[in-house]
Amino acid sequence: MGQSAEFGKFLKAMRSRLTPEQAGMSTSGGRRVPGLRREEIARLADVSTDYYTRLEQGRNIHPSRAVMDSVARALRLDAGEQAHMMDLLENCAKSQQSPIPAQGVRPALRQLLDAVGNVPALILGRRTDVLAGNRLAFLMLDDFPAMPAAERNLTRWVILDPLAHELFRDWEAVAAEAVGALRADIGRHPNDPQANQLVGELAVHSEHFRQWWAGHRLATGSAGSVRLHHPAVGDLELNFEDLTLPDDPDQVLRVYSAKPDSPSADSLTLLGSFGAGVLATAETPRATEDTDASGATKAP
């Protein structure tokens, strides 16, 4: 996907969702398309209509940060959306041949996953790949280490696996958030061929994905809650926190937890006891691109 085109598509999607009422404009006169017109955004951003049109068409221009701040205000972007817009803009000029660094998980992080073994925890990398996790996370979600390398991806699993549809009681909300996280990642790494392949696969197989992707939905939050109906232990209500790792900016530690002394806490304990003899090695083997760098072998 050409990133200049993606930048323009993002601006258009954000313009289309903004109503004249939200922008404080008169609604007199018919409108053939939803949202504001290009000239209206240009006026709100204090730039010429021609200049804004060239921005939205993804032409090779170099707007200043002040101009982009004005465009962000005109489009009513939140902080996450504005950061994504700048990611798209700044990555436009990057070569399509730029190498994508291999993903690997530091040994200390794997030790940390073991140390928090009484709660589910995952390491998510680029493209929302599941790089590692503890035994309880894989018992709660799915056996990611046993999957083929190309399928160890959280967004792919949530969208395409029937187990995920049954597991998440609010599947559409969870799936939309996963798609938003993938969208934000691709803004940072536009030339990742594996990411583009993943987007193509999901678009072919999921109407939900096509709709969410076309809407340029983003997920930028770092905390939330999730409701599950697990086939072994029943209903679970859990909170999760996504912790960005300073030494690994493309990796996130996701930790799930239940309120102390709650039925969900008891169910997590029960789940752990059910899986005492299963998933003894709770880490995902690396994809082919990472094997040489990490020296990891496939978990049994």
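The values are calculated or read from the model by the stated rules, or taken from the named source; none is laboratory data. Given the structure is predicted, the values throughout are model-derived calculations rather than measurements. As a convention, Cβ positions derive from the backbone with ideal geometry for all residues, glycine included, and neighbour counts pool all protein chains shown.
Where the second residue is at pLDDT 90 or above and surrounded by 17 or more Cβ atoms within 10 Å (Cβ to Cβ) and the first is aliphatic (A, V, I, L, M) and lies in the range 209-220, which pairs have Cβ atoms under 7 Å and are six or more apart or on separate chains?
Between residues of the range 209-220 that are aliphatic (A, V, I, L, M) and residues that are at pLDDT 90 or above and surrounded by 17 or more Cβ atoms within 10 Å (Cβ to Cβ), the close pairs are Leu218/Gly180; Leu218/Arg183; Ala219/Glu177; Ala219/Gly180; Ala219/Ala181.
Considering only the range 126-134, I want to know if a residue exists there that is among the hydrophobic types (A, V, I, L, M, F, W, C), surrounded by 20 or more Cβ atoms within 10 Å (Cβ to Cβ) and either modelled with pLDDT under 95 or more than 25 Å from Asp235 (Cβ to Cβ) (or both). Break it down into steps so the answer makes sense when it comes.
First, pick out the residues of the range 126-134 that are among the hydrophobic types (A, V, I, L, M, F, W, C): 130-132.
Restricting the remaining residues to those that are surrounded by 20 or more Cβ atoms within 10 Å (Cβ to Cβ) gives 130-132.
Then keep just the ones that are either modelled with pLDDT under 95 or more than 25 Å from Asp235 (Cβ to Cβ) (or both); that gives 131-132.
Yes, because at least one residue in the range 126-134 is among the hydrophobic types (A, V, I, L, M, F, W, C), surrounded by 20 or more Cβ atoms within 10 Å (Cβ to Cβ) and either modelled with pLDDT under 95 or more than 25 Å from Asp235 (Cβ to Cβ) (or both).
Output the qualifying pairs, or none if there are none: Cβ atoms under 7 angstrom, residues six or more apart or on different chains, first residue in the range 129-149 and under 12 Å from Val119 (Cα atoms) and assigned by TED's automatic domain parsing to the domain that holds Gln197, second residue assigned to a helix (DSSP H, G or I) and charged (D, E, K, R).
Close Cβ pairs satisfying both conditions: Asn134/Asp114.
Given the criteria of a type outside the set (D, E, K, R), surrounded by 15 or more Cβ atoms within 10 Å (Cβ to Cβ), touching a residue at least 24 places away in the same chain (Cβ under 8 Å) and not in a loop (DSSP other than H, G, I, E, B), does Val226 qualify?
yes
Regarding the range 19-35, can at least one residue be identified that is surrounded by fewer than 19 Cβ atoms within 10 Å (Cβ to Cβ), modelled with pLDDT of 90 or more and among the aliphatic types (A, V, I, L, M)?
The answer is no; no qualifying residue exists.
Can you name the residue in the range 36-57 that is in a loop (DSSP other than H, G, I, E, B) and of a type in the set (A, V, I, L, M, F, W, C) and is also surrounded by the most Cβ atoms within 10 Å (Cβ to Cβ) among such residues?
Going through the qualifying residues, I end up with Leu36.
Answer yes or no as to whether Glu283 is in the same structural domain as Ala184 (by TED's automatic domain parsing), in a helix (DSSP H, G or I), at pLDDT below 80 and not aliphatic (A, V, I, L, M).
For Glu283, the condition - in the same structural domain as Ala184 (by TED's automatic domain parsing), in a helix (DSSP H, G or I), at pLDDT below 80 and not aliphatic (A, V, I, L, M) - is not met.
I'd like to check something: does the range 182-190 contain any residue that is outside any loop (DSSP other than H, G, I, E, B), crowded, with 16+ Cβ neighbours inside 10 Å, at pLDDT below 90 and in contact with a His (Cβ under 7 Å, 6 or more places away or on another chain)? Reasoning before the result, please.
To start, the set of residues in the range 182-190 that are outside any loop (DSSP other than H, G, I, E, B) comprises 182-188.
Now drop any that are not crowded, with 16+ Cβ neighbours inside 10 Å, which leaves 182-188.
Filter once more, keeping what is at pLDDT below 90: 184-188.
Within this subset, residues satisfying the condition of being in contact with a His (Cβ under 7 Å, 6 or more places away or on another chain) are 184, 187.
Yes, some residue in the range 182-190 is outside any loop (DSSP other than H, G, I, E, B), crowded, with 16+ Cβ neighbours inside 10 Å, at pLDDT below 90 and in contact with a His (Cβ under 7 Å, 6 or more places away or on another chain).
So which helices (runs of 4 or more DSSP H) stay within the range 58-124 end to end and still have 1 or more residues that are among the hydrophobic types (A, V, I, L, M, F, W, C) and modelled with pLDDT of 90 or more?
The helices (runs of 4 or more DSSP H) meeting that bar are 65-74, 107-115.
For residues in the range 125-150 being in a loop (DSSP other than H, G, I, E, B) and touching a Leu at 6+ places or on another chain (Cβ under 9 Å), which is farthest from His208 (Cα to Cα)? Please lay out each step first, then the result.
Keep residues of the range 125-150 that are in a loop (DSSP other than H, G, I, E, B), which gives 125, 134, 141-143, 147-148.
Next, from what is left, pick out any that are touching a Leu at 6+ places or on another chain (Cβ under 9 Å): 125, 134, 141-143.
Values: Gly125: 23, Asn134: 30, Leu141: 21, Asp142: 22, Asp143: 24 Å.
Applying the filter and picking the extreme gives Asn134.
Only one of (1) part of a strand (DSSP E or B); (2) free of Cβ contacts under 8 Å to residues at least 60 places away in the same chain is not met by Glu201, so which one is it?
The one condition Glu201 does not meet is (1).
Inside the range 158-174, can you point out the residues that are within 21 Å of Met147 (Cα to Cα), surrounded by fewer than 15 Cβ atoms within 10 Å (Cβ to Cβ) and touching a residue at least 40 places away in the same chain (Cβ under 8 Å)?
Glu166
Consider the range 151-181. How many of its residues are assigned to a helix (DSSP H, G or I) and within 29 Å of Glu81 (Cα to Cα)?
Of the residues in the range 151-181, 21 are assigned to a helix (DSSP H, G or I) and within 29 Å of Glu81 (Cα to Cα).
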